[in-house]
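Below is one structure, written out as structure tokens, with a few remarks after it.
The values are calculated or read from the model by the stated rules, or taken from the named source; none is laboratory data. Predicted, not measured: the structure shown is a model, and the values here were computed from it. Ideal geometry is used to build each Cβ from the backbone, glycine not excepted, and the neighbour counts take in all protein chains shown. Areas reflect the complete protein model, heavy atoms only, side chains present, ligands, DNA and RNA absent. Shrake-Rupley method; radii C 1.70, N 1.55, O 1.52, S 1.80 Å.
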Amino acid sequence: MRMNTLRNALDRRGLTCREAARMGVPFHNIYKQYKGERGVGPNSALLYERILGIPRSPGEGGAPCVSSS
């Protein structure tokens, strides 16, 4: 089983997918990525970095761009 870095990043920040969606992230996308049903692509990684403050690079605290599927 692969590590879901998006899930870890949201959990560390105390955010749910619904709360992230209220901040401007499409709920359907983040929910599927959180559950590991879809990998996080470069556009989503940039969006998560800009809106949620989740770094896109492993050297910066965990990369949501690592595919979970």
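Anything in the range 30-58 that is open to solvent by less than 60 Å² (accessible area, probe 1.4 Å), part of a helix (DSSP H, G or I) and among the hydrophobic types (A, V, I, L, M, F, W, C)? List them, or say none.
If the condition is that a residue be open to solvent by less than 60 Å² (accessible area, probe 1.4 Å), part of a helix (DSSP H, G or I) and among the hydrophobic types (A, V, I, L, M, F, W, C), then Ile30, Ala45, Leu47, Ile51, Leu52 are the ones that fit.
Do any residues in the range 1-27 that are over 15 Å from Glu37 (Cα atoms) have Cβ atoms under 8 Å from those of residues that are among the polar types (S, T, N, Q) and modelled with pLDDT of 90 or more, where the two are at least six apart or on different chains, and which pairs are they?
Leu10/Thr16
Filter the range 3-12 for residues that are out of contact with any helix residue (DSSP H, G or I) (no Cβ under 7 Å at 6 or more places or on another chain) and open to solvent by 60 Å² or more (accessible area, probe 1.4 Å) and give the result.
If the condition is that a residue be out of contact with any helix residue (DSSP H, G or I) (no Cβ under 7 Å at 6 or more places or on another chain) and open to solvent by 60 Å² or more (accessible area, probe 1.4 Å), then Met3, Asp11, Arg12 are the ones that fit.
Would you tally the residues in the range 13-29 being assigned to a helix (DSSP H, G or I) and open to solvent by less than 40 Å² (accessible area, probe 1.4 Å)?
Here is the first cut: in the range 13-29, the ones assigned to a helix (DSSP H, G or I) are 13, 17-22, 27-29.
Next, only the ones that are open to solvent by less than 40 Å² (accessible area, probe 1.4 Å) stay: 17, 20-21.
Of the residues in the range 13-29, 3 are assigned to a helix (DSSP H, G or I) and open to solvent by less than 40 Å² (accessible area, probe 1.4 Å).
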